Amino acid sequence: MTELFLIAEIGGRAVAIAADQVESVVDIGVVTPVPRADPRVKGLAALRSRVVTVINSCVALGLPCPGDAARRAVITPIDGHPYAMLVEGVEDVAAYEVQPLTSGVALSAGWKSVATSVIEHRGEPALVVDLRALVPGLAAAA
Amino acid sequence: MDDLLQEFIAETRETLEALSGEIVAWEADPANRDRLDAIFRFVHTVKGSCGFLELPRLERLSHAAEDVLSAVRTGERIPDRPLVNAVLAIVDRIGEIVEAIDSGQALGDSGEDLLIAALDGSVEIASDTFVAPHPTTISRATTRSVRLSVDLLDRMMSGMSDMVLARNELARRLRDDSDPDPLVEASLERLSLTVAEMRDTVTRTRMQKIDALFSALPRMVRDTAASLGKSVSLSIEGADVELDREMIEMMRDPLSHIVRNALDHGIETPAERRAAGKRENGRLTVSARQSGNQIIIEFQDDGRGIDTAKLVRRLVENGARSERELRELTERQRLDLVFEPGLTTKDEVTSVSGRGVGMDVVRANIEQIGGRIELANSPGRGLRIAIHVPLTLSIISTIVVGVGDQRFAVPRQAIEEIVTVRAAGAVRIDRLGDAPIATVRDRRLPLLALGEVLGLADDHDDQVETLVIVGVSGGAYAIAVDSVLDNEELVIKPAPPAVMATGVYAGLTLPDSGTPMLLIDCAGLADAAGFVFSRDLAANDDEAGGKAEGVPNQPALLFLDLDGARRVVPLAAIDRVEPVAIDAIHHTGGRLRLSIDGGMIPLAAQGGLDRRHEIHIIRLRDGTHEIGYAIAEALDIVDLPLAMVAAREAGPVAGVIAIGDDQIEMLDVHWLFADQIDAAVSQRDALCLVTGREAAWMTTFLRPVVERAGYRVVTSLGPGEVAAAVLAMDDDPPSEHLPAPLVRLSRRRDGEPDAIYRYDRERLLGALAACRTEACA
């Protein structure tokens, strides 16, 4: 069974995001920090007339962040609120065959919570991540 | 009224359209509970609206249909085909009548009895007789209003915001231009004006004064109360609070349900109220206010409250819950049982309420808009229902403050004042232990630096310049900010959970600058800073303010009197100050009297009561007696200076004192009591016992005379009571054990010498007065 995925780069790794989670890919402008919030929340940004919550995807995955370079973000609506997931780059959208997680592979805690399956992209395996799992403060996925 | 009718028509028409699918589905599957409930709610709503719009025909039809559907819901009747047909015929008929009302055409009521008769199965309606309405006779009137989906308004609103941002961008570009074209500038100016106007209009499409909800209440309360044989006075407060249009719509049904419940279940009949020692007139207060990030709509009645024991009994009878399970509930949980579906504590069903549609539906509606409902029950004394709906999507007035290079909005309503530290001496900042404290005009307030709490200030800078003093429940505190920037009306939107989890924000907003901004939740911020407010702390505040010097000051209440003068009265003489309705005051028996708490107290006033609806009463108490003093309003608590210039004549004013530069008159409390307390009232302790065969005559004829002499007339002595005088006729058999000096009365002027002719008022009064001084014959 093949599905559409967006291939993006987070913390230097290629990941696949299910296309139905992606509303758009945009460049984020000024980010207003939210003091006292979870470190995964980078802040708020205006996207046309909407306010989006910017999520530091690399922090959420426990990866080293590439500084302030990441301006590009994947917009996804979750529970009525729009979120912007910072990514370092996006490649393309294509249909891939979904494979189960390779058994026996030990993922770090950050990845374990977000990875749902594996796809093969240009001959290399890439993890499929659930964007919902990157957002702090949500009720467990129904 | 016309507006209400129009709204009712539009609403019913809309619901009918939405319901048509449900009707077909119910017809196909009469056992389906959801469909049944939808139709039931429809007729229930129609019935409710008809009640106060005075549409008896519709009310009759919907009431009949509701009865049957209610029976189906409880399982008393089976939804067989004739029943379904009959109900559907009624629903169709309701639609026809509504169209007829709208277009102003007459519609004969022939056949309606038949429709109602069909409900109990005595007549059957063929399923094809009702489906064909009369399309030729009823034509739809042209509508004067359009009902829009809120979604469309939302899109309009967000389009508007985009437009503002684009305008700002354009203006910025133009400013950067070194040599701008004046024509382009003029065009931009015009664009800006238009955009601003548009924005106002679009914003207004979403907002509505809550008055739109409240305006229907007086009529509804009047009619409902009348139909129940009760008398209820309604007072409405805060009708100008603005609320999102959508929320207003969502609140409409819950509001009328709650009000009707309060009248039907809460407030007792006049007879019951008299027996319970309450005034016959029930009271219902509906108020709306904004509190922090919520709008609170409160319903307070002075009825019987909720009998939780009865609730439990009902649920056990219904078999809905097991008795053991219910017994284990706390009082609060029991109170929450009113939200159980299908519950009623009413013993009989009335046309007003009592079918168990109500609180469960009310709660569902309110929770749907992210609100919550709270009950405060005082059995026997009333019920308070508070509905909290979120402020989100509401426009609120805020003050924008700057900390570091970030801005935050603070709800204006929470702000008591903003002070600058540099202002000479009025504000001081100290450290109490390691806690910073701000002293503003002798008032000590805990202080927090916004930058520190939010982790924005890098260098620890004690140089505080501006303090924003905010009030939270239980107290107030000061927030140190770097700057106060602006005063803006903002559309507040809900923040995502990750942001709300911090507990210090109430929402977010996108101001014209195009940079998102967070709205501070003042109560949450106090929690984050570890401030704990309790009543004791607030009391300390007052004390701290009063003990400036060594001399104990006498505090006094400064108030505005009815004649417009400002006067003071010592605080120690005051029992309390409370508002009363003007109709509780009457001029009876030669003086003003106030009916309050089931009794009567004499009332003093300087100035007229005319043209006022409500006044305040200072209740003064000397330990034994109580009098009232009517004032316009209480102003302040002041410290009395020691010096007073006495008034030239004794009267309600004792003298004049100086407070600041003002000359203020001080009330003479002693004179007021001396003037107001009836001699008779003060000496009522003395009892006059009437005995003998003419006791009845004496009670009737002599009572006013005897009472004037300072006695209370009794026909027998209660335990522990001692009579001061005994009245008897001269031909009554003399009693051996007289409890008090005897005054004998004679029927004839020439009776026995020691008896007083019974119409000789002077001598009688003299004899009675003599008894008081123990010199009785």
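No value in this document is a laboratory result; all are computed from the given coordinates. What you are looking at is a predicted structure, and each value in this text was computed from that prediction instead of being measured. Because the Cβ atoms are built from the backbone with ideal geometry, glycine has one as well, and the counts that use them run over all protein chains shown.
Around the amide H of B:TYR757, modelled in the peptide plane, lie the amide H atoms of B:SER746, all under 5 Å away and 5 or more residues distant in sequence or on another chain. Sorted ascending by nearby beta carbons within 10 Å, beginning with the fewest, B:TYR629, A:TYR96, B:TYR505 become A:TYR96, B:TYR505, B:TYR629.
Pop the C-beta distance of B:ARG147 and B:ARG443 into the FRET formula with R0 = 45 Å and round what comes out to the nearest 0.05.
On the way: r = 52 Å, r/R0 = 1.15.
The calculated FRET efficiency here is 0.30.
Taken about its Cα centre, the protein assembly as shown carries a charge dipole of about 1960 debye when Lys and Arg each add +1 at the Cβ and Asp and Glu each add -1 at the Cβ.
If you place +1 on the Cβ of every Lys and Arg and -1 on the Cβ of every Asp and Glu, how big does the dipole about the Cα centre of the stretch B:16-105 come out, in debye to the nearest 20?
Dipole of the stretch B:16-105, to the nearest 20 debye: 260 debye.
Amide H contacts for B:VAL713 (H built 1.01 Å from N in the peptide plane; partners 5 or more residues away or on another chain; cut-off under 5 Å): B:CYS688.
A simple spin-label model places the labels of B:ALA71 and B:ASP754 8.2 nm from each other, with each point 7 Å out along Cα-to-Cβ. Taking amide hydrogens as placed 1.01 Å from N in the peptide plane, the amide H of B:ILE637 sits under 5 Å from those of B:LEU558, each at least 5 positions away in sequence or on another chain. Could you tell me the calculated FRET efficiency between B:THR201 and B:ALA376, based on Cβ-Cβ distance and R0 = 56 angstrom, to the nearest 0.05? Once rounded, the FRET efficiency stands at 0.90.
Remark on the protein assembly as shown: hydrodynamic radius 35.2 angstrom, per the Kirkwood mean of 1/r across alpha carbon pairs.
Were the residues from B:GLN105 through B:ALA276 laid out at 0.36 nm apart, the gain over their Cα-Cα distance would be 56.5 nm.
Computed over the stretch B:2-119, the range of Cα coordinates on each principal axis works out to 39, 27, 22 Å, biggest value leading. Couplings 3J(HN,Hα) of the stretch B:493-506, computed from phi: 10, x, 8, x, x, 4, 7, 5, 4, 5, x, 10, 10, 9 Hz, in residue order, whole Hz [Karplus 6.51 cos²θ - 1.76 cosθ + 1.60, θ = phi - 60°; x for Gly and Pro].
Average projected area of the Cα convex hull of the stretch B:405-535, in nm²? Can you show the working numbers first?
Working: hull surface 34.8 nm².
Averaging across all directions leaves 8.7 nm² for the Cα convex hull.
Multiplying the residue separation of B:THR330 and B:THR715 by 0.36 nm and subtracting their alpha-carbon distance yields 133.5 nm.
What the Cβ-Cβ distance of B:ARG155 and B:ASP179 gives, at R0 = 45 Å and to the nearest 0.05, is a FRET efficiency of 0.70. Normalising the Debye intensity of the stretch B:185-230 to I(0), with uniform scatterers on Cα atoms only, and taking log10 at q = 0.14, 0.21, 0.29, 0.33 Å⁻¹ returns -0.56, -0.76, -0.94, -1.02. For the stretch A:46-142, applying the loop criterion from DSSP together with a ceiling of 15 other beta carbons within 10 Å to the trypsin sites (Lys or Arg not before Pro) yields A:ARG48, A:ARG71, A:ARG122. Dipole orientation for the stretch B:549-677: of the candidates B:GLY599, B:HIS625, B:ALA674, B:GLY599 has the Cα lying most toward the positive pole (charges on Cβ; Lys, Arg +1; Asp, Glu -1). Using a simple spin-label model with pseudo-atoms 7 Å out from Cα toward Cβ, B:SER20 and A:GLU124 lie 6.0 nm apart. A simple rule links phi to the HN-Hα coupling: the Karplus curve 6.51 cos²θ - 1.76 cosθ + 1.60 with θ = phi - 60°, which for the stretch B:21-30 gives x, 5, 4, 4, 5, 5, 4, 6, 9, x Hz, with x for Gly and Pro. With the cut-off at under 15 Å, measuring from each backbone N in the stretch B:267-287 to a point 7 Å along the Cα-to-Cβ line of B:ASP583 picks out B:270, B:279-285. Phi angles across the stretch B:263-270 convert, under the Karplus curve 6.51 cos²θ - 1.76 cosθ + 1.60 with θ = phi - 60°, into 3J(HN,Hα) values of 6, 7, 8, x, 7, 7, 6, x Hz, Gly and Pro given as x.
Quotient of the Cα radius of gyration of the stretch B:150-209 and 2.2 N^0.38 Å, N being its number of residues: 1.36. Each Lys and Arg contributes +1 and each Asp and Glu -1, all at the Cβ; summed about the Cα centre of the stretch B:211-390, the dipole is approximately 620 debye.
If the chain linking B:ASP360 and B:ARG81 were pulled fully straight, counting 0.36 nm for each residue of separation and taking away their Cα-Cα distance, it would gain 97.5 nm.
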